[in-house]
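Peer 1: The following block contains the structure, expressed as structure tokens.
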Amino acid sequence: MRSVTVLGATGSVGTSTLDLVEREPERFSVRALTANRDVEGLAAAARRTRAELAVVADESCLPALREALAGTSTRVAGGRDALIEAAAGADWTMAAIVGCAGLEPVMAAIAGGGTVVLANKEPLVSAGELVLAAARASGATLLPADSEHNAIFQCFDFDRPDRVRRIVLTGSGGPFRDWSYDAMRGVTPDQAVAHPNWSMGAKISVDSATMFNKGLELIEAARLFPVPHDRIEVVIHRQSVIHSLVDYVDGSMLAQLGASDMRVPIAHTLAWPDRMATPMPPLDLVALGRLDFEAPDETRFPALRLAREALTAGGARPAILNAANEVAVAAFLAGRIGFLEIAAIVADTLDRYDPPAPVTLDAVLAVDAAARVRTVERMKDGVA
Ligand code: NDP
């Protein structure tokens, strides 16, 4: 029996994770499930899985959670400290909170040892070196659940990283890949959240539409795989069948293919180094017929360029990029700014805020908080 904790259990990745866990109850027992405010979803998941512990990060939701789980053996807790405490101690932990809000829980999970699976990419972007150092110190195994990074992980020869010529990250290009820049001015939140290939939470869906997601993934790949930054490339592959590739010096390119369903990479991390069955049918290559590739357009989608610049500059830049993007995406989803303003606002915050490199967790959190304040201030003044 492997004990499993799911941070962000009510979200898109969390739900996919529990779908797999629940298919093999003899193999997995659920230690802790967490959510922010979704009491109903969390309580239902805790009842189904007989979780030992259920935690809401928003403490005001604790009475409702207590009531929803009355009469069960699941213990309940609420608040940020309870969330961080719950993150440590499982054999296998899925980090699937959205945004930098997941950073402290991820660090707690890593400190607890075991296997920590990162879907939550923002902590790696903002505090990559600290996350990796913590894993080295505790002996925790980090596995990537993001489909691209999971694909690279499956193809990467960690014993011979110097034989890797390039990493090629694929991206669908999002729902507006064929739209003109002018047409994108009028994009609504509903349009941005409707991804052509993947069903995901609202924030990452908007990130996919702006291509900030690919930018964050570029930084994530640079953290996870020992290759120089300039050897990580992005290619648009609209079918989302090849999830990424590793190009070796001898001219061999290894790719991982699969359905656009997060249960495939999550299953890889759940069973690793073994394999487990998923409900996905085999890919029908003949029905697919063709796979297309094209270069990304960094004029219509400046996010990728901004992310590459932040990665190259290093220091606090990735954390600022991430924090400003989180604030701008929330404002876009709330109808307060236009779609094209997201990248403009992130660029503006990066222009105006340039603190020294943060070297501790507290310093990263301080940069994150200060970048958010500055982004909100700029939005009040109006940019773009
Ligand atoms: P969702 O928005 O669907 O779910 C987010 C989860 O985090 C929910 O359980 C939510 O709880 C919880 N949460 C939100 N805010 C907080 C907070 N402040 N404190 C504690 N918990 C919080 O997100 P996704 O599942 O789409 O994405 C999760 C992460 O995985 C992101 O970093 C994303 O980039 C990454 N990822 C997602 C993929 C996908 O297919 N969705 C693919 C690859 C990576 P509640 O429900 O109560 O709000």
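Peer 1: Step through the residues of segment 310-326 one at a time and calculate ³J(HN,Hα) from phi using the Karplus curve (6.51 cos²θ - 1.76 cosθ + 1.60, θ = phi - 60°), rounding each to whole Hz and writing x for Gly and Pro.
Peer 2: 5, 5, 5, 6, x, x, 7, 4, x, 5, 5, 4, 5, 5, 4, 5, 4
Peer 1: A further question on this structure: Quick one: if the Förster radius is 56 Å, what FRET efficiency do residue 366 and residue 199 give, using the C-beta to C-beta distance and rounding to 0.05?
Peer 2: With a Förster radius of 56 Å, E is 0.95.
Peer 1: How high is the relative contact order of the chain? Use alpha-carbon pairs under 8 Å, at least six apart in sequence, and give a whole percent.
Peer 2: For the chain, the relative contact order is 14 percent.
Peer 1: Distance between the C-alpha centers of segment 258-298 and segment 73-110? Whole Å please.
Peer 2: If we compute the Cα centre of each part, the gap is 28 Å.
Peer 1: Also, quick follow-up: When a/c is below 1.5 the answer is rounded, else prolate if a/b is larger than b/c, else oblate, so apply that to segment 280-384 with a ≥ b ≥ c taken from the square roots of the Cα gyration tensor eigenvalues.
Peer 2: In terms of gyration-tensor shape, prolate.
Peer 1: Among 252, 175, 132, whose Cα lies farthest out toward the positive end of the dipole of the chain, if unit charges sit on the beta carbon of Lys, Arg (+1) and Asp, Glu (-1)?
Peer 2: Looking along the dipole axis, the top candidate is 132.
Peer 1: Please check: in the Gaussian network model of the chain (C-alpha springs, under 10 Å), which one of 119, 192, 369 has the largest mean-square fluctuation.
Peer 2: 369
Peer 1: Considering only protein heavy atoms, what per residue accessible area in square angstrom results for the chain with a 1.4 angstrom probe?
Peer 2: Accessible area per residue: 42 Å².
Peer 1: Rounded to whole Hz and in sequence order, give me ³J(HN,Hα) for segment 291-302 from the Karplus expression 6.51 cos²θ - 1.76 cosθ + 1.60, θ = phi - 60°, writing x for Gly and Pro.
Peer 2: Calculated HN-Hα couplings, in order: 10, 10, 9, 8, 6, x, 9, 7, 7, 6, 10, x Hz.
Peer 1: Then there's this: Is segment 136-193 rounded, prolate or oblate when judged by the Cα gyration tensor, a ≥ b ≥ c being the square roots of its eigenvalues, rounded requiring a/c under 1.5 and prolate requiring a/b larger than b/c?
Peer 2: In terms of gyration-tensor shape, prolate.
Peer 1: Let me ask something else about it. Under the rule of at least 5 residues apart or a separate chain, name every residue whose amide H is placed under 5 Å from the amide H of residue 114.
Peer 2: Those lying under 5 Å, H to H, from residue 114 are 141.
Peer 1: Considering only protein heavy atoms, what is the solvent-accessible area of residue 229 at a probe of 1.4 Å, reported in Å² to the nearest 10?
Peer 2: For residue 229, solvent-accessible area is about 80 Å².
Peer 1: Let me ask another. Dipole of segment 230-342, Cα-centred, from +1 at each Lys and Arg C-beta and -1 at each Asp and Glu C-beta, to the nearest 20 debye?
Peer 2: 280 debye
Peer 1: Still on this structure, I have one more. Within 10 Å of each candidate Cβ there may be at most 14 other Cβ atoms; applying that plus a DSSP loop requirement, which chymotrypsin sites (Phe, Trp or Tyr not before Pro) in segment 135-195 survive?
Peer 2: Passing both the DSSP loop test and the Cβ count: 158.
Peer 1: So, one more: Using only Cα atoms, locate the centre of segment 113-190 and the centre of segment 351-372, then give the distance between them in Å, rounded to an integer.
Peer 2: Each part reduced to its Cα centre gives a spacing of 22 Å.
Peer 1: Heads up, I need the accessible area for residue 130: 1.4 angstrom probe, whole protein in place, Å², nearest 10.
Peer 2: 40 Å²
Peer 1: Keeping all protein chains in the complex and leaving out DNA, RNA and ligands, what accessible area do you get for residue 138 with a 1.4 Å probe, in Å² to the nearest 10?
Peer 2: Residue 138 has an accessible surface of roughly 40 Å² with all protein chains in place.
Peer 1: Now for a separate question. Taking all protein chains in place and a 1.4 Å probe, what share, in percent, of the accessible surface of the chain do carbon and sulfur account for?
Peer 2: 51 percent
Peer 1: By its C-alpha gyration tensor, with a ≥ b ≥ c as the square roots of the eigenvalues, how is the chain shaped: rounded for a/c under 1.5, else prolate for a/b larger than b/c, else oblate?
Peer 2: Because its axes are fairly even, with a/c under 1.5, the chain counts as rounded.
The values are calculated or read from the model by the stated rules, or taken from the named source; none is laboratory data. As the structure is a prediction and not an experimental result, all values here were calculated from the model. Note that each Cβ is placed from the backbone with ideal geometry, even for glycine, and that neighbours are counted across all protein chains shown. Remember, those area values only see protein heavy atoms, side chains included, never the ligands or the DNA or RNA. Shrake-Rupley method; radii C 1.70, N 1.55, O 1.52, S 1.80 Å.
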